[in-house]
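Heads up: the structure comes next, in structure tokens.
The values are calculated or read from the model by the stated rules, or taken from the named source; none is laboratory data. These figures come from a predicted structure and were not determined experimentally. Here the Cβ positions follow ideal geometry from the backbone for every residue, glycine too, while neighbour counts run over all protein chains shown. These area figures cover heavy atoms from the full protein model, side chains too; ligands, DNA and RNA do not enter into them. Shrake-Rupley method; radii C 1.70, N 1.55, O 1.52, S 1.80 Å.
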Amino acid sequence: MSIIVKFFVAPDDTSASLALQTGPGRTFESLSFGNFDPEKAVIEWECLLAGSSFEHLVEAGEPRIVAGQDNAGCVVFAISPRLSTALADATHSRLSDVAASWTQLRAEDGEVIDTEIADAIVGDLAALVSSVRRQNQGVYCWVA
């Protein structure tokens, strides 16, 4: 699996959609990761943090696609307000627990994600969400 994942901050869906072809670049504050399925990850994180069911979130249209196709090429999707709130409100200990649980979920599907890397991904995303909370901006994800 070779996937580029960039979580980034944008004022709205229209601005975020501009990142579709080339990524967020230097225009938006961003975090770069790779080699995991971020669409599945954000659903799993929301399940772990907020107690939702995977099926319910998928049926509700999460994650919400802002630009691109979710089955081919680049895509931009929004981090749900519920997940953003849960990430921003979680303690460091809770985020570490979520990261560890996420690595176990991925391992059950045969995907290996290092626990330290998972902890960094979840923790860094929580910090990003927290930093923009008062600025009334959203957090999005660009996948290539």
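Remarks
- Relative contact order (%) - the stretch 3-48, alpha-carbon pairs under 8 angstrom, separation at least six: 50
- Within the listed set G23, G123, G73, the Gaussian network model of the chain (springs between alpha-carbon atoms below 10 Å) gives the highest mean-square fluctuation for G73.
- Across all Cα pairs in the stretch 1-62, the calculated P(r) in 5 Å bins from zero up to the longest distance comes to 4, 16, 20, 19, 22, 15, 4, 0 percent per bin.
- GNM result for the chain, Cα springs below 10 Å: residue of S84, S93, S15 fluctuating most strongly: S93
- Contact order relative to length of the chain, as percent, for alpha carbon pairs under 8 angstrom and 6 or more apart: 35
- Gain in span if fully extended, I117 to R133, counting 0.36 nm per residue against the direct Cα distance: 3.3 nm
- Accessible carbon and sulfur surface of the stretch 102-144 relative to its total accessible area, %, 1.4 Å: 47
- Rg/Rh for the chain stands at 0.93; both radii use Cα atoms, and Rh follows the Kirkwood definition.
- Estimated dipole of the chain in Debye, rounded to 20 [Cβ of Lys and Arg +1, of Asp and Glu -1, Cα centre]: 560
- Computed over protein heavy atoms with a 1.4 Å probe, the accessible surface of the stretch 20-98 works out to 52 Å² per residue.
- Helix-derived mean residue ellipticity, 222 nm - over the chain, DSSP H n ≥ 4, -39500 (n - 2.57), to 500: -14500 deg cm²/dmol
- Net charge dipole size for the stretch 19-69 [Lys, Arg +1 and Asp, Glu -1 on Cβ; Debye, nearest 20]: 280
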